[in-house]
Amino acid sequence: MTELVTAAEMRAIEADAIASGEVTGLELMERAGRGVVDAILRQWPDAQSATVLCGPGNNGGDGYVIARLLAERWWNVRVLGMGQADAMPPDARASRLAWTGEVLPLDEATLRRGPPTDIYVDAIFGTGLTRAPEGDLASLLRYLGGSVGDSAYFTPRLVAVDAPSGLCLDRGQMLAGGRAEPGTASVPLCALTVTFEVPKIGHFIADGPACCGRLEVVDLGLLPWRSLRRDAVSGKIAEARPATVRVELVDTTPMVPPGSPLGHSPPWFGKRGGHKYDHGHVLVASGGAGRTGAARLAARSALRVGAGLVTVASPPSALMENAMHLTAIMTRRCDGAVGLAEILEDARFSTICLGPGLGVGGETCAMVKVALNGRRQVVLDADALTSFADDPDALFDAIHRTHGSQTMPRYATVLTPHGGEFRRLFPDIAEMWQPADPMKQLRERQDDSVAAFKRIGDQFAAYKEAQAAAISKVEATRAAAKRSGAVVLLKGPDTIVAAPNGRVAVAAAAYERAVPWLATAGAGDVLAGLIAGLAARSHDVFRSAADAAWLHVEAARAFGPGLIAEDLPEILPTVFRELGV
């Protein structure tokens, strides 16, 4: 895993490097500008002209360095700048004064009047922006974002320095709202984003990947910072956010240079020998006749990912249906909660997976409570979550009573909601993360009355305020994990895994790992099985959930478009061979 940081944490890292005396702010600016130029030359080797848009702060300073370095290569460079040099921070001011060419006003009219160029560089705002741009600047960003139809021209040749201007790098959300699509985006939609030293959380969640295009991380060579002990660096970062804990990107190749204290540990899926029971025994509960497929998907995935044994617990009405489709996977009769309690008298079952196709209702609630009342790891998905929609606290209390006690490995439960299930279990947290849009409610009700529009108008201002103050998906998942006492895996292209102690992993299907074909029926059942299979072989359910989410995407990448859920477990051996397992 590669650690991700917030904007404030990155500023603390840079400030520490400068305070050490080994590098100056101006030298960092030169390194950043050179890194962006190198990235531009790699991606567009035949380009010869650029328009560089420079803001009033240090991001703008990077832009002036970029403009100067490109001009030194005999590029035709046009610079649009914001504000006067005297008002800029010292390092940015020095970089602006080192640019000997003309600086035109930074506005939409000037950009429209200029001749087209091969490359456009967005160096207006970087990590420091915390509120939505307004007025002429907002108009310029919407123009670059394509809301007036020009995105088809700008996007293929637009480069962002650190972040597309108007994107919050803590939340991954466009500060002025809208969707990250041509015609509606309120930030520039870029072909390439170049960030520095360490990737930021917002590059991988919410609108971040759609706005950034392709992401490159440039090494600034902050050797004094890297040479510090890990706890010392954490202390510096803690000053930027006192409650900080690790947020990690699940990956196999580190995005930070070797030697960084933001260490890297790749997923591990290999077996180390031993008896089959040494690799765990997973029990998957099946639904009744006609609702057995989801449990079989989960069971097969658990076996493929390395569980030593897998058993499907089946109601009597579905025993034959399951047995006809299973060979290496065993079946057991299970009459509801009472039957599950009898099965679990066998201490060799190490992990239980409940939810896929199980059915919604009181009996499922009872089965969940039985599963939680023991020394086992439990994965709760789908119907096992929805069954507690009317009383989420009953689920959380059951988790805290057993899996939060000293007799259990802490955080031995994993909840795997999608957005809708998350809102049912954690409605207040979901509202802080994604405030309800009154216009969406109006469309859903198909109410075009005058009274409805007046009511929406009254609500819209409050909605915009809530949207501006919204928490990130990372913060929402972390809050849910703390409340529930479980590891929470909140699904999506930016899947977030959080533990009650605050640790977070981002398993992003973004950039070169984007797999839109993974949005298919049964894919979530496979993920639940992968988590259960890995958890059966480990006492770290957080890492099991994070690695399973990463592997889920890798399997989809290996298969490609046309994927259905049944293909995912079958492609795993190919993925493992490619990983060298």
Give the range of the longest stretch in the chain that excludes all GluC sites (Glu not before Pro) found in loop regions by DSSP and having at most 10 other beta-carbon atoms within 10 Å.
346-581
For helix 567-579, what angle does its Cα long axis make with the longest principal axis of the chain, in degrees from 0 to 90 and rounded to 10?
60
Base-10 log of normalised Debye intensity for the range 285-414 (one unit scatterer per alpha-carbon) at q = 0.14 Å⁻¹
-0.57
Expressed in nanometres to one decimal, the distance between label points 7 Å along Cα→Cβ at Ala521 and Thr100 is 6.9
Output the 0 to 90 degree angle, nearest 10, between the alpha-carbon long axis of helix 58-72 and the longest principal axis computed from the alpha carbons of the chain.
60
What number comes out for the charge environment of Gly172, summing +1 per Lys or Arg and -1 per Asp or Glu over other residues with Cβ under 11 Å away?
0
Mean shadow area of the chain, taken as a quarter of the surface of its Cα convex hull (nm²)
28.8
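What's the local net charge at Val360, with K and R +1, D and E -1, over the other residues with C-beta under 12 Å away?
-2
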What angle, in degrees between 0 and 90 and rounded to the nearest 10, separates the Cα long axis of helix 362-372 from the longest principal axis of the Cα atoms of the chain?
80
Keeping to pairs on different chains or 8 or more places apart, tell me how many lysine pairs in the chain have Cα atoms under 17 Å apart.
7
Counting other Cβ atoms within 10 Å, keep those with at most 16, restrict to DSSP loop, and tell me which trypsin sites (Lys or Arg not before Pro) in the range 525-581 are left.
none
With unit charges on the beta carbon (Lys/Arg positive, Asp/Glu negative), name the residue among Gly178, Leu372, Gly146 whose Cα is farthest towards the positive pole of the charge dipole of the chain.
Leu372
For the chain, what is the mean residue ellipticity at 222 nm derived from helices alone (per DSSP H run of n ≥ 4: -39500 (n - 2.57); sum divided by total residues; nearest 500 deg cm²/dmol)?
-12500 deg cm²/dmol
Exposed chymotrypsin sites (Phe, Trp or Tyr not before Pro) absent: longest stretch of the chain, with sites in DSSP loops and at most 13 other Cβ within 10 Å deemed exposed:
269-581
Restricted to Cα positions, what overall size does the range 2-246 have along the principal axes? Three whole-Å values, descending.
52, 38, 34
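Just so you know, all these numbers are worked out from the coordinates, no wet-lab data involved. As the structure is a prediction and not an experimental result, all values here were calculated from the model. Here Cβ is always computed from backbone atoms with ideal geometry, including for glycine, and neighbour counts include all displayed protein chains.
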